[in-house]
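All remarks here apply to the structure that follows.
The values are calculated or read from the model by the stated rules, or taken from the named source; none is laboratory data. Owing to the predicted nature of the structure, the values given are computational and were not obtained by experimental measurement. Glycine also receives a Cβ, built like all others from the backbone with ideal geometry; neighbour counts cover every protein chain displayed.
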Amino acid sequence: MKVVLVKRVKPLPLGGLVIPGASIVIGVLISTVVLYVISRADPLVTLSCVASALVSPEIVLTFLFLTILGAALLVAFNGSIWNIGAEGQLWLGTAAATYIALFTALPQAPAIAKVAMVLTAMALGGTWAAVAGVLRAYLSIDEVPVTLIMNYIAYYIINYLVRGPWLGKKTWGYIRTDMIPDQVKFTLLPGSTTVTYEVLIIAVLALIAVYFMLKYTSLGLRIRILGSNPDALKAAGVNVRALIITALTLSGAIAGAMGAAQLAGYLHRISYPIESHTANYGYTAILVAWLSMLDIRAVPIAAYIVSALYQAGISMQIAGISSASATYVFIGAVLLTFTVLRVFSEYSLRVIRG
Amino acid sequence: MDAASYILSVAPAFMAYYLTSLGQGFFEKSGVLNLSIDGVFVLGIAVAYAASIYSCSPWVGLAAAVLTAVVFGMLLTYVTTKFPVSHGAAGLSIMFLGYGLAGLVGVAARNTYNEMVVSGIYPQFTLPVTPIAKVLMFAIPVGLGILLYLLEVRTKLGAAVRAVGEDPHAATSLGIDVLRVRLIAAALGYSLIGAGSAGFLTWVATWSEGTGINHGWIAYAVSLAAGRHPLLTVGTAGAFAILATYMYTLQAAYNLSPEIAKMIPFIVAIGAMVTFMSTPLRKKLAPPQSLGRRFFKEERTV
């Protein structure tokens with residue numbers, strides 16, 4: 001008797017809901033056990049931290065950021081282009097927006113400055129991603145190591161700027177830039193201390209734009225075929241090189257927009273060194289994109305769950321139950337469970353005798 | 001300081017970066033894209049720290065780091081070879097787990113350490129750093145590198161590792177058990193990564209939450225810059241170990257910004273990938289053909 005993995009004729013019905021749902025439950029349970037075994041965290045407290053994070057208003061900002069980045073990654077992921085570089089692309093977006101806010105005359109016209117901050121951030125994020133696109137398109141260099149490595153180059157470029165030419169004058173000894181002028185900060189929603197109108201608008205626009213692009217445009221169709229059957233594209237005479245570069249550029253540009261939103265909507269300045277101040281949204285968003293099973297309509301749901309897990313880790317740390325690492329345990333356990341369980345949306349286990 | 005002690009100061013950093021990138025390169029030769037490296041490296045450091053404190057011996061720490069790394073490496077290998085899953089997603093999830101577990105294990109050990117210090121016991125968690133030990137920190141890793149190189153090019157196992165990295169389906173039809181070969185590659189590669197993380201702990205000689213984060217990626221870049229070649233990696237790892245050890249001296253002497261110094265291995269890695277893919281070096285140093293590809297046929301026994 002042996003157990004075999006057999007391809008399903010049709011994908012598992014409702015697999016897009018059942019599998020991520022099961023992964024989250026199993027992943028959280030595994031994390032609870034791990035936290036209990038290593039840190040003696042009371043399982044009931046852990047689970048209640050997760051449950052209360054699900055309804056906590058504090059997750060809204062993280063949710064919006066992860067939604068924007070999830071949309072960004074889906075543009076590339078749908079074409080089987082694995083952009084691991086959202087982290088660098090978004091931070092360069094933050095840097096571009098900082099430049100506009102601190103070192104140009106534009107903030108005197110706040111509305112124009114805000115638009116310019118987002119657009120320059122998109123331009124820089126897109127250009128940064130395009131480098132990996134060119135290397136992939138013309139030299140068939142895998143984009144995974146390139147985008148990943150470029151995150152660190154981006155970190156150190158910004159660190160260099162913040163320690164050197166961009167170092168603020170009023171920083172009380174901290175190594176960081178000056179605060180961006182008040183008039184270019186995004187406008188807070190009434191009753192919220194973190195969520196702004198502009199971030200909300202960028203998130204909605206990113207979702208709608210990516211949805212329409214993937215579903216209704218020829219570019220979107222080509223990107224999706226690039227993911228499933230690149231040879232067909234070549235046979236049809238599509239310029240695959242340009243397509244790869246376009247997909248990565250768009251992906252980087254949306255990540256860059258999130259970088260601008262992070263600056264004007266929340267951080268208001270860049271602190272040195274980036275690698276200890278980053279929330280690692282660029283990496284966490286990979287989990288969002290995966291959990292959505294590359295369906296843009298599922299991105300907000302995935303972003304909601306992931307931001308709740310993110311918050312659960314933080315509230316456990318505040319409660320003194322565990323260190324900052326609980327968030328990583330949650331995210332790692334859910335992602336690993338999901339990576340394995342996902343197989344069963346297209347395959348099933350059968351027992352064969354003999 | 002005389003010239004010899006300048007050179008010897010580089011030893012712990014060299015051991016850390018060389019062993020880690022050597023293991024990473026060898027493991028990736030078997031065709032599994034390894035994005036778990038940074039998490040496993042960070043976890044290895046924390047486990048080495050914790051095990052040394054609980055046992056009062058850095059050698060137990062070294063062994064524990066090696067064992068832990070091998071367990072996670074084999075998990076990654078099993079999942080990516082047995083199931084049609086994305087190597088990148090599996091690797092990154094183990095990376096996150098590694099970061100998380102490292103924090104939990106390390107913080108618990110640090111609390112114990114602080115209690116022991118109060119009662120007058122100072123457990124040793126760094127490997128010895130006498131001049132002779134430092135010479136060995138150069139000699140043993142390089143010796144292991146030469147052995148691994150010979151294994152890669154001269155033995156049947158080495159040929160099998162390269163074969164499953166280039167084309168696992170063809171290797172299967174030649175009678176090679178892909179899973180077994182990749183598991184062996186993982187065991188060897190990850191034990192080097194684990195030893196490298198213990199070397200890193202010796203180098204920095206302190207632990208706090210987050211110690212080692214990003215240094216696994218540096219080792220990854222060091223390995224890519226040498227085209228995963230065990231002997232060329234001596235050069236790239238050595239160069240970066242010098243840079244890392246004397247980063248602040250270089251800043252004082254030549255006004256070399258530490259940010260630029262930290263950027264160098266990453267830029268060199270991209271430059272090297274471009275060179276390897278666009279010149280005849282491609283034959284020797286290009287990545288394995290099937291690196292990161294799913295190895296799966298229509299159905300299979302689990």
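Summary table
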| read-out | value |
| --- | --- |
| Test: residue in the range A:309-323 that is facing chain B (nearest Cβ under 8 Å) and modelled with pLDDT of 85 or more | no |
| Failed item in (1) at the interface with another protein chain (Cβ under 9 Å from one of its Cβ atoms); (2) among the aliphatic types (A, V, I, L, M); (3) within 18 Å of the chain's Cα centre (by Cα), with B:V204 passing the rest | (1) |
| Checking A:L248 against (1) part of a helix (DSSP H, G or I); (2) surrounded by fewer than 20 Cβ atoms within 10 Å (Cβ to Cβ), the condition it does not meet | (2) |
| Residue that is surrounded by the fewest Cβ atoms within 10 Å (Cβ to Cβ) [pool: residues in the range B:89-119 that are under 17 Å from the mean Cα position of the chain (by Cα) and not aliphatic (A, V, I, L, M)] | B:G91 |
| Candidates B:S223, B:S257 - the one that is within 11 Å of chain A (Cβ to nearest Cβ), of a type in the set (G, A, S) and over 24 Å from the mean Cα position of the chain (by Cα) | B:S257 |
| B:A102 vs. criteria in a helix (DSSP H, G or I) and more than 28 Å from A:V288 (Cβ to Cβ) | no |
| Checking B:T81 against (1) crowded, with 24+ Cβ neighbours inside 10 Å; (2) more than 22 Å from B:G145 (Cα to Cα); (3) of a type outside the set (D, E, K, R); (4) within 11 Å of another protein chain (Cβ to nearest Cβ), the condition it does not meet | (4) |
| Residue that is surrounded by 24 or more Cβ atoms within 10 Å (Cβ to Cβ) and at the interface with chain B (Cβ under 10 Å from one of its Cβ atoms), where the choices are A:V329, A:V299, A:V306, A:V343 | A:V329 |
| Qualifying positions in the range A:228-245 - without any contact (Cβ under 8 Å) to a residue 60 or more places away in the chain and under 20 Å from A:G126 (Cα atoms) | A:N239 |
| Residue that is of a type in the set (A, V, I, L, M, F, W, C) and either within 18 Å of B:A13 (Cβ to Cβ) or in contact with a strand residue (DSSP E or B) (Cβ under 7 Å, 6 or more places away or on another chain) (or both), where the choices are B:A244, B:A272, B:A252 | B:A244 |
| Single condition A:A279 does not satisfy, out of (1) over 30 Å from A:R224 (Cα atoms); (2) in a helix (DSSP H, G or I); (3) within 14 Å of chain B (Cβ to nearest Cβ) | (2) |
| Single unsatisfied condition, A:I225 versus (1) over 29 Å from B:S93 (Cβ atoms); (2) free of Cβ contacts under 8 Å to residues at least 24 places away in the same chain | (1) |
| Positions within the range A:178-208 being under 19 Å from the mean Cα position of the chain (by Cα), in a helix (DSSP H, G or I) and in contact (Cβ under 8 Å) with a residue 60 or more places away in the chain, in sequence order | A:E198, A:V199, A:L200, A:I202, A:A203, A:A206, A:L207 |
| Filter pass, A:Y138 being out of contact with any Asp or Glu (no Cβ under 7 Å at 6 or more places or on another chain), aromatic (F, W, Y) and surrounded by 23 or more Cβ atoms within 10 Å (Cβ to Cβ) | no |
| Those residues of the range A:243-259 which are closer than 18 Å to A:T62 by Cβ and touching an Asp or Glu at 6+ places or on another chain (Cβ under 9 Å), in sequence order | A:A255 |
| Residue selected from the range A:151-171 under the condition more than 8 Å from every other protein chain (Cβ to nearest Cβ) and either outside any helix (DSSP H, G or I) or modelled with pLDDT under 90 (or both), by the criterion farthest from B:I267 (Cα to Cα) | A:K170 |
| Lone unmet requirement of (1) without any contact (Cβ under 8 Å) to a residue 24 or more places away in the chain; (2) under 30 Å from A:S345 (Cβ atoms); (3) assigned to a helix (DSSP H, G or I) for A:I26 | (1) |
| Pick from the range B:278-295, criterion in contact (Cβ under 8 Å) with a residue 12 or more places away in the chain and at the interface with another protein chain (Cβ under 10 Å from one of its Cβ atoms), ranking: farthest from the chain's Cα centre (by Cα) | B:A286 |
| Candidates A:A111, A:A101, filtered to the one that is without any contact (Cβ under 8 Å) to a residue 60 or more places away in the chain, farther than 19 Å from A:I244 by Cα and assigned to a helix (DSSP H, G or I) | A:A111 |
| Filter result (surrounded by 19 or more Cβ atoms within 10 Å (Cβ to Cβ) and within 11 Å of another protein chain (Cβ to nearest Cβ)) within the range A:260-274 | A:Y272, A:I274 |
| Single residue of the range A:119-130 satisfying the filter (in contact with a Ser or Thr (Cβ under 9 Å, 6 or more places away or on another chain) and surrounded by fewer than 24 Cβ atoms within 10 Å (Cβ to Cβ)) that is nearest to B:A225 (Cα to Cα) | A:A130 |
| Entirely in the range B:1-90, the helices (runs of 4 or more DSSP H) that have 1 or more residues that are in contact with a Leu (Cβ under 8 Å, 6 or more places away or on another chain) | B:11-29, B:37-55, B:58-82 |
| The range A:129-146, residues that are modelled with pLDDT of 95 or more and under 16 Å from the mean Cα position of the chain (by Cα) | A:A129 |
| Residue in the range A:81-96 that is touching a Ser or Thr at 6+ places or on another chain (Cβ under 6 Å) and either more than 30 Å from A:S228 (Cβ to Cβ) or surrounded by fewer than 24 Cβ atoms within 10 Å (Cβ to Cβ) (or both) present | yes |
| Qualifying residue in the range A:51-58 (condition: surrounded by fewer than 24 Cβ atoms within 10 Å (Cβ to Cβ), part of a helix (DSSP H, G or I), out of contact with any strand residue (DSSP E or B) (no Cβ under 8 Å at 6 or more places or on another chain) and free of Cβ contacts under 8 Å to residues at least 24 places away in the same chain) | yes |
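Okay, residues lined up against (1) modelled with pLDDT under 90; (2) closer than 26 Å to B:R294 by Cα:
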| site | (1), (2) |
| --- | --- |
| B:I53 | no, no |
| B:S57 | no, no |
| B:L62 | no, no |
| B:A65 | no, no |
| B:L75 | no, yes |
| B:G88 | yes, yes |
| B:S93 | no, yes |
| B:G100 | no, no |
